[in-house]
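Notes for the one structure printed next.
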Amino acid sequence: MEDILETKPLREKIADRIRADIIKGVYKDGERLIEPKLAENLGISRTPVREALRQLENEGFIEIIPRKGAVVKRMTLDDVDNLYMIKANLEGLAARQAIKYISDNDIKEMERLNERFLLLAKRDEDVVEEYLKYNVDFHNVFIQLSKNDKLIEILEGLSKNFQRIKGMLISKSERALKAYNEHLEIIKAFQSRDPNKAEMKVRWHIENSWQYIKERMLSDGN
């Protein structure tokens with residue numbers, strides 16, 4: 001794995017590092033990312049840091065303000081609404097298309113991945129990193145099975161922003177049990193081999209997550 005990572009351009013490695021820190025809350029909304037300080041901390045020149053910041057600006061994680069520099073972009077309720085609307089529609093489409101290709105072994109893999117959420121639900125501690133990873137793994141089973149390269153590409157791009165949203169607001173195990181139960185409904189829909197049910201259950205699950213995130217943002221004063 002390390003050899004594969006080493007083939008990444010330095011700009012992407014730096015962007016990955018800063019993005020992960022934003023997702024984990026190391027850098028807060030509105031916080032300045034000072035280019036010379038980042039370069040010094042990473043032990044590199046400022047040029048690849050500047051390139052990484054431009055990449056993160058394009059991804060929507062930061063904004064570069066004249067005479068102020070790079071700051072972590074605030075995620076508004078409108079941003080969340082728009083992203084979840086896109087996600088619900090596109091993942092619903094992916095689920096519908098995956099019905100043509102999904103096998104019993106694929107469904108068993110979804111069941112295996114979903115069991116991880118049940119384990120998370122029993123833990124009284126910060127589970128955000130594991131939650132995010134397991135959630136991506138579960139959804140990727142049917143997204144990849146859509147066999148729609150353009151759809152997969154778009155959803156992969158959106159995934160980074162969703163990790164940030166959930167990373168900000170899901171820190172305890174409370175959502176894990178709900179996700180587990182909702183995933184069971186998705187699995188049943190795929191077992192039925194009914195494209196309408198699969199699409200409906202995936203959209204329902206994402207809309208539930210959407211509502212949960214909105215309630216958390218409103219309660220936190222966002």
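The values are calculated or read from the model by the stated rules, or taken from the named source; none is laboratory data. The shown structure was predicted, so the numbers you read here are calculated from the model rather than taken from an experiment. A quick note on method: Cβ atoms are made from the backbone with ideal geometry, for glycine too, and the neighbour counts reach across all protein chains shown.
Quick notes on this structure:
- Pair list, Cβ under 7 Å, 6 or more apart: segment 143-171 residue at negative phi, other residue at pLDDT below 95 and among the acidic types (Asp, Glu): Lys160/Glu59; Ser171/Asp126
- Candidates Arg19, Arg112, filtered to the one that is modelled with pLDDT of 95 or more, within 23 Å of the chain's Cα centre (by Cα) and of a type outside the set (A, V, I, L, M): Arg112
- Filter pass, Leu120 being in a helix (DSSP H, G or I), of a type in the set (A, V, I, L, M) and under 24 Å from Lys214 (Cα atoms): yes
- Considering segment 84-102, the residues that are of a type in the set (D, E, K, R) and assigned to a helix (DSSP H, G or I) include one that is farthest from Glu153 (Cα to Cα), namely Arg96.
- Pairs, first in the same structural domain as Glu207 (by TED's automatic domain parsing) and closer than 13 Å to Lys197 by Cα in segment 88-100, second among the polar types (S, T, N, Q) and buried (at least 20 other Cβ atoms within 10 Å of the Cβ), C-beta under 9 Å, six or more apart: Leu93/Ser146; Ala94/Ser146; Ala95/Ser146; Arg96/Ser146; Gln97/Ser146; Ala98/Ser146
- Residue satisfying condition, being basic (Lys, Arg) and exposed (fewer than 15 other Cβ atoms within 10 Å of the Cβ), within set Arg203, Arg193, Arg175: Arg193
- So Arg203, is it modelled with pLDDT of 95 or more, within 19 Å of Asn114 (Cβ to Cβ) and assigned to a helix (DSSP H, G or I): yes
- Options Val71, Val26, Val49; residue that is in contact with an Asp or Glu (Cβ under 9 Å, 6 or more places away or on another chain) and not in a helix (DSSP H, G or I): Val71
- Residues (modelled with pLDDT of 90 or more and surrounded by fewer than 18 Cβ atoms within 10 Å (Cβ to Cβ)) located in segment 72-92: Asp78, Asp81, Asn82, Met85, Ile86, Asn89
- Residues satisfying the stated conditions in segment 123-146, i.e. in a loop (DSSP other than H, G, I, E, B) and surrounded by fewer than 19 Cβ atoms within 10 Å (Cβ to Cβ): Arg123, Asp124, Glu125, Asp126
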